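The values are calculated or read from the model by the stated rules, or taken from the named source; none is laboratory data. The structure presented is a predicted model; accordingly, all values stated were derived computationally and were not measured. Here the Cβ positions follow ideal geometry from the backbone for every residue, glycine too, while neighbour counts run over all protein chains shown.
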Amino acid sequence: MSEYILEMKNIRKTFLGGKVVANDDITLKIEKGEKHAIVGENGAGKSTLMKILNGLYHPTSGEVYYHGKGVKIEGPGEAAKLGIGMVYQHFMLVPTLSVAENMVLGVEPKKGLSLDINTAREEVKRVSEKYGLAIDPDAIISDLSVGMQQRVEILKILFKGANLLVFDEPTAVLIPQEVKELYKIMDNLIAEGKTIIFISHKLQEVLDISDNITVIRRGKDVANFPTEEATKEKIANAMVGRPVLFTTEKPEVEMGRELVSVNNLLVKNNKGIIAVDEVNFDIREGEILGIAGVEGSGQTELIEALTGLRKAEAGTVVLEGEALLGKTPKKITLEGVAHIPEDRFKRAAVSEFSVRDNFAFGVHKEKYSKNKFMLNFAKMAEEAKHFMEKYDVRPREINVGFGRLSGGNQQKVIVARELEKEHKFIIIAQPTRGVDIGAIESIHKMVLEEKEKGKAVLVVSAELSEIMNLSDRIAVMCGGKITGILDRADATEEKIGILMAGGKLDEK
Amino acid sequence: MKNKLKDMMIPVLAVFIALIIGAGIIGYLGESPLNAYYYLFTGAFVGQRAIARTLLEATPMIFTGLSVLFAFKAGMFNIGGQGQVIMGGLIAAAVGAFVHNAGVNNVFIILILSGLAGFAWAAIAGFLKAKLGVHEVISTIMLNYIAMNFEQYALNYPLKAGGPSGPSPQTPPVFESARLMQLMPQTREAFNIGFILAIVAVIVVWFIMEKTILGYEIKAVGNNPTSAENAGINVPWITALSLGIAGSLAALGGAERILGGVGQYTYRQGIMASYGFDGIAVALLGKNHPVGAVLSAILFAALRVGGRSMQFNTSVPSQIVIILQAIIILLIAAENMFKMILNRKKVSE
């Protein structure tokens, strides 16, 4: 009898007839009652491994043992029967139904032909009390905060009898306080005899919560150690395959005059609801202003208004005496605003175009035209080569489709293009989303170089550590309002968390 | 390079499979498939006359195929080819047969006017899409109906030869000065310089798409309008413009039917057949490449022309080519299924 609840032995999974190797001989052993972290960069093979565990993929070779017995997991239903439950990053809840109704979805207790809602509610109470998941069974999902919705997800899989819970990037959508509560819930689950696997690329969180760590790189399990022996550097090293610097040295820069000034900006979202509510801030030359906040607090609409993609209802945005509101994106670019969008596929690039064509995108008329009608492809190719060298984009192949680059290299193309534009003010949204650790470092360096050059920089990010790392001042958004602007020196995760949740800081 | 080859393989494979299935049906009808296909092929390609017929039939389909692919590059489905063909043809017939001023009644001027008419007609849908977000499939289909009914009205009243009480719903022939040069007059097939114009249009479309700022912006809008907007491209303008250009391409196809002498230089009922709709199949089979459009237009034309010869020489009805066309289109539309099967095969290897 093995003490392992789960053993995945020599798992290999290939796609396209062996052309793409997602998992290459991975062995994963999970002890009963432990919190096991699986870390790795985007595309390292974490998700594939978990999909195999959940029966969505079948391994090309390798074996899975559950409680020491060899199993073949054919589908998610079977995984659930074994007692394996998944909490996905994107919740699978019906927003118009109540907590109780969601929990029993698919396995409804029945009274005759109708749903026995009372039994369901009792069940919710019983399960949630047992694991310390305080939750109201009658609450409608769409009224709940993201943290609460996550609890419902956990409740759901516990109700279905899960013993091994897999969390996929569970903290990505949570504010710091909710993260702490999640940690508590995880501890309760362990105390009740459950086992937890969680997938993450946030090193701090891995150190905080796990007992053991498995690092996956390029489809292989490259390291496996108890958390006690781990340091950030050690994990990152294993993830990237070379030493990684964490805190990029922030250059000392004399801040100049005020360059950007936003006053009483009011913007509505697509549904016509106010998304940016009377926002005020200013940015000086050589200053980085970070905007923190849970996603969907109005950041997207703010950026879209600043770049001319969305009409503002009221307020002013002034760049060096020039009013920007009401101008087209093109004019705003020409006024000296560069923009690295939060979603590069939606706003920054055309995946179907080559790397060369994406480098030119948006400046094609100004920089790369032969005359009024024709593009100068020779110049585009030449500059593209130059940029690829300068910003270290790999592979160094200008005709490769943009969509086929890795996330980090895609982002480097966008960053390079925007930095090379004539600009005074740069808006950088989610600079390192979907970017691997190795590339994060170089992108952060590029952002800080902008500061050195005396540009005004606005960084919007959902990664608090990134905001803390880069910013001189931090503005926190909640529900469309800026709930506070902190100097970097005064800012702590605690304080930002309170502001993110819409709370007030005590005067002290 | 390898991918391009693979892209080309699928249409070829589709045609091949269609021919095999067609052979089965012909065999079931009690005819020799080889014999039927022999007449299908010779009827379409052997002899000056056959070639003239096939290329003549292909000409408007090249134009409408280009029209569909042009709009498609901008991310739109131009289902309005038929209406655009009709409007182009009506303007050609109206100016060519009724305007006496020799300066205006000139084949080049008329082609330009036809193109503009098609541009304006399609740009209505483009404008509605750009400004109000009306889906172009709906609006171009509705514009087709308007054009078809307008055609009936025009042929029966204002443009009717001999006035409203004239003998049949057709226009008078266009003046000599408005006619397109015949390329093979000895064949008496009306094969005219419009075919060369179609080839020129192919080159122009290719050039716009591959070399110009406009083409770059059209493809950006077609692939990713939100990114294009952020890059400062005027997305509504590009949308309306692309559909307008698509419309003018289709309209030129209509003008060719009238000015090329297909119906003794008159616009008569039914002369536009279904060329506008054929363009969709042509673009589809041609993988949205201008050269592909030429090849597939010739293929469809050959099937029709050869089909008549097959019917004449064997007991196989010419409708069999409609079945062939349908199978080809189905197979192309089911391309993803093909790809899946191809990939599946590889995985299991």
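Of everything in the stretch A:311-335 that is within 29 Å of the chain's Cα centre (by Cα) and away from chain B (no Cβ under 11 Å), the residue that is nearest to A:Asp277 (Cα to Cα) is A:Ala312. Looking only at the stretch A:430-445, which residues are part of a helix (DSSP H, G or I) and either in contact (Cβ under 8 Å) with a residue 40 or more places away in the chain or outside the structural domain of A:Asn409 (by TED's automatic domain parsing) (or both)? Within the stretch A:430-445, A:Ile437, A:Gly438, A:Glu441, A:Ser442, A:His444, A:Lys445 qualify. Checked against (1) closer than 30 Å to A:Ala312 by Cβ; (2) more than 9 Å from every other protein chain (Cβ to nearest Cβ), A:Ala349 passes all but a single condition, namely (2). In the set (1) part of a helix (DSSP H, G or I); (2) within 24 Å of the chain's Cα centre (by Cα); (3) within 10 Å of chain B (Cβ to nearest Cβ); (4) buried (at least 23 other Cβ atoms within 10 Å of the Cβ), the condition left unmet by A:Val415 is number (3). Among the numbered conditions (1) touching a Ser or Thr at 6+ places or on another chain (Cβ under 7 Å); (2) of a type in the set (Phe, Trp, Tyr); (3) surrounded by 14 or more Cβ atoms within 10 Å (Cβ to Cβ), tell me where A:Phe353 comes up short. Result: A:Phe353 passes all but (1). The helices (runs of 4 or more DSSP H) found wholly in the stretch B:1-86 include none carrying at least 2 residues that are of a type outside the set (Ser, Thr, Tyr) and touching a Cys at 6+ places or on another chain (Cβ under 6 Å). The residues of the stretch A:385-404 that are within 14 Å of another protein chain (Cβ to nearest Cβ) and in a helix (DSSP H, G or I), listed by number, are A:Phe402, A:Gly403, A:Arg404.
When we screen B:Asn149, B:Asn144, B:Asn105 for residues that are farther than 26 Å from B:Asn78 by Cβ and either outside any helix (DSSP H, G or I) or not charged (D, E, K, R) (or both), the only hit is B:Asn105. Of all the listed residues (A:Lys51, A:Lys72), the sole one being of a type in the set (D, E, K, R) and surrounded by 14 or more Cβ atoms within 10 Å (Cβ to Cβ) is A:Lys51. Scanning the stretch B:179-207 for residues that are part of a helix (DSSP H, G or I) and in contact with a Phe, Trp or Tyr (Cβ under 8 Å, 6 or more places away or on another chain), we see that the one that is farthest from the other protein chains (Cβ to nearest Cβ) is B:Ala198. Answer yes if at least one residue in the stretch A:33-47 is modelled with pLDDT under 90 and closer than 16 Å to A:Met86 by Cα, and no otherwise. Yes, because at least one residue in the stretch A:33-47 is modelled with pLDDT under 90 and closer than 16 Å to A:Met86 by Cα.
Which one of these is among the β-branched types (Val, Ile, Thr), within 14 Å of A:Arg218 (Cα to Cα) and in contact with a strand residue (DSSP E or B) (Cβ under 9 Å, 6 or more places away or on another chain): A:Val64, A:Val71, A:Val21? Residue meeting the stated conditions: A:Val21. Only a single criterion out of (1) of a type in the set (A, V, I, L, M); (2) modelled with pLDDT of 95 or more; (3) not in a helix (DSSP H, G or I) is not satisfied by B:Ala161, namely (2). Restricting to the stretch A:119-137, name every residue that is in contact with a Lys or Arg (Cβ under 9 Å, 6 or more places away or on another chain) and surrounded by fewer than 12 Cβ atoms within 10 Å (Cβ to Cβ). The answer is A:Ala134, and nothing else.
Applying the condition of being more than 9 Å from chain B (Cβ to nearest Cβ) and basic (Lys, Arg) to the stretch A:356-369 and asking which residue is surrounded by the fewest Cβ atoms within 10 Å (Cβ to Cβ) yields A:Lys367. The number of residues in the stretch A:458-494 being buried (at least 19 other Cβ atoms within 10 Å of the Cβ), small (Gly, Ala, Ser) and either at pLDDT below 95 or outside any strand (DSSP E or B) (or both) comes to 6. Between B:Phe119, B:Phe108, the distinction of being in contact (Cβ under 8 Å) with a residue 40 or more places away in the chain and either more than 18 Å from B:Arg257 (Cβ to Cβ) or not polar (S, T, N, Q) (or both) belongs to B:Phe119 only.
In the stretch B:251-272, the count of residues that are within 14 Å of chain A (Cβ to nearest Cβ) and either surrounded by fewer than 22 Cβ atoms within 10 Å (Cβ to Cβ) or touching a helix residue (DSSP H, G or I) at 6+ places or on another chain (Cβ under 6 Å) (or both) is zero.
Residues of the stretch A:403-431 that are at pLDDT below 85 and within 22 Å of A:Val173 (Cα to Cα): A:Gly407, A:Gly408. Among the residues of the stretch A:17-25, at least one is loosely packed, with under 15 Cβ neighbours inside 10 Å, in contact (Cβ under 8 Å) with a residue 60 or more places away in the chain and assigned to a strand (DSSP E or B). Counting residues in the stretch A:422-444 that are over 26 Å from A:Glu304 (Cβ atoms), out of contact with any Leu (no Cβ under 9 Å at 6 or more places or on another chain) and not small (Gly, Ala, Ser) gives one or more.
Of all residues in the stretch A:29-43, those that are touching a helix residue (DSSP H, G or I) at 6+ places or on another chain (Cβ under 7 Å) and under 24 Å from A:Gly438 (Cβ atoms) total 6.
The lone criterion from (1) among the charged types (D, E, K, R); (2) within 11 Å of chain B (Cβ to nearest Cβ); (3) touching a residue at least 12 places away in the same chain (Cβ under 8 Å); (4) assigned to a loop (DSSP other than H, G, I, E, B) left unmet by A:Lys372 is number (3).
Across the stretch A:90-118, the qualifying residues are those that are among the aliphatic types (A, V, I, L, M) and over 33 Å from the mean Cα position of the chain (by Cα), and the one among them that is surrounded by the fewest Cβ atoms within 10 Å (Cβ to Cβ) is A:Leu113. Taken over the stretch A:85-104, the criterion of being assigned to a strand (DSSP E or B) and farther than 12 Å from A:Ala139 by Cβ is satisfied by A:Gly85, A:Met86, A:Val87. Screening the candidates B:Ala220, B:Ala231 for the property of being in contact (Cβ under 8 Å) with a residue 12 or more places away in the chain and within 7 Å of chain A (Cβ to nearest Cβ) yields one hit, B:Ala220.
Of all the numbered requirements in (1) modelled with pLDDT of 90 or more; (2) part of a helix (DSSP H, G or I); (3) within 14 Å of another protein chain (Cβ to nearest Cβ), B:Phe312 misses one, and that requirement is (3).
Here A:Ala134 fits the description: without any contact (Cβ under 8 Å) to a residue 40 or more places away in the chain, in the same structural domain as A:His201 (by TED's automatic domain parsing) and either assigned to a helix (DSSP H, G or I) or farther than 26 Å from A:Leu203 by Cα (or both).
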